[in-house]
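Structure below; questions to follow.
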Amino acid sequence: MTSCNRAAIVLLTVGSIAIAFSAFAYQASTIPTSHLINPDELAKLLASPKGQKPLLIHVGFHVLYLQGHIPGSEYFGPGSDANALHRLRDRVQSLPLTKFIVIYCGCCPWDHCPNLKPADDALRALGFTNVKALYIPNNIATDWRDKGYPMAKGE
C-alpha cells in the first residue's frame, strides 16, 4: 500500500468519524434526562383539570403528524429542518421564557431521532427555561397511541 493510499484511508476514516459524531450530536439521546418528560407524566398532566398545560409542539415529519398526533399540539416542521426551526422561533418569540413547552417527535427509536435535539437547542438558545422533550423510546404509536393516550388525526 502506498503512502498516498494510506493517507486517503486515514482521511476517509477521520471524515467518517466526524460525520458520525456530528450526526450523534443531534440525536435525542444527547438531551439531558432532566429535560425529559415521560408519556405517562404528560398524559396525566393533559388529563388533569388543574395545573399548567404545556404548549405542545410536534417537531417530527408532517406525514406522522397527519397520521396521529397529541391533541392540541402545533406543527411547524421537523426539527432537523432549518426553515421549521425558524417557524418555531417565530411562534414562541412573544411567549414568556418560563412558558412550559413540550416538544415531541416519535418518528423512530429515541437513539435515532434527528428532530428533537435541534428543536430543544433552538428553544434553549432563545432562553426558554421550562422546555421538556417527550421521551418516546420506540415511536409515537407504541409509546403513546398503543397505551390508550389521546390521539388526533389530520391538521
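Considering only residues that are over 20 Å from Glu74 (Cβ atoms) and not acidic (Asp, Glu), look in region 107-126 and name the one that is surrounded by the most Cβ atoms within 10 Å (Cβ to Cβ). Let's see the steps before the verdict.
Start the filter on region 107-126 by keeping residues that are over 20 Å from Glu74 (Cβ atoms), which leaves 108-112.
Subset that is not acidic (Asp, Glu): 108-110, 112.
Working: Cys108: 18, Pro109: 14, Trp110: 20, His112: 11.
Among residues in region 107-126 that are over 20 Å from Glu74 (Cβ atoms) and not acidic (Asp, Glu), the one surrounded by the most Cβ atoms within 10 Å (Cβ to Cβ) is Trp110.
In region 121-155, what count of residues is obtained for those that are assigned to a helix (DSSP H, G or I), in contact with a His (Cβ under 9 Å, 6 or more places away or on another chain) and at pLDDT below 95?
1
Additional query: Restricting attention to region 60-69, does a residue exist that is out of contact with any strand residue (DSSP E or B) (no Cβ under 8 Å at 6 or more places or on another chain), part of a loop (DSSP other than H, G, I, E, B) and buried (at least 16 other Cβ atoms within 10 Å of the Cβ)?
Checked against the condition, which is being out of contact with any strand residue (DSSP E or B) (no Cβ under 8 Å at 6 or more places or on another chain), part of a loop (DSSP other than H, G, I, E, B) and buried (at least 16 other Cβ atoms within 10 Å of the Cβ), region 60-69 yields at least one hit.
May I pose another question? What are the residues in region 104-120 that are aromatic (Phe, Trp, Tyr) and either part of a helix (DSSP H, G or I) or over 15 Å from Tyr65 (Cα atoms) (or both), if any? Give the steps one after another, and end with the answer.
Restricting attention to region 104-120, the residues satisfying the condition of being aromatic (Phe, Trp, Tyr) are 104, 110.
Selection gives Trp110 alone.
Taking only pairs six or more apart or across chains, which ones have beta-carbon atoms under 9 Å, a first residue in region 132-155 that is free of Cβ contacts under 8 Å to residues at least 24 places away in the same chain, and a second residue that is part of a loop (DSSP other than H, G, I, E, B) and aliphatic (A, V, I, L, M)?
Thr142/Ile136
The values are calculated or read from the model by the stated rules, or taken from the named source; none is laboratory data. Everything quoted here is computed from the prediction, not taken from an experiment. Methodologically, a virtual Cβ is constructed for each residue, glycine included, from the backbone with ideal geometry; neighbour enumeration extends over all protein chains shown.
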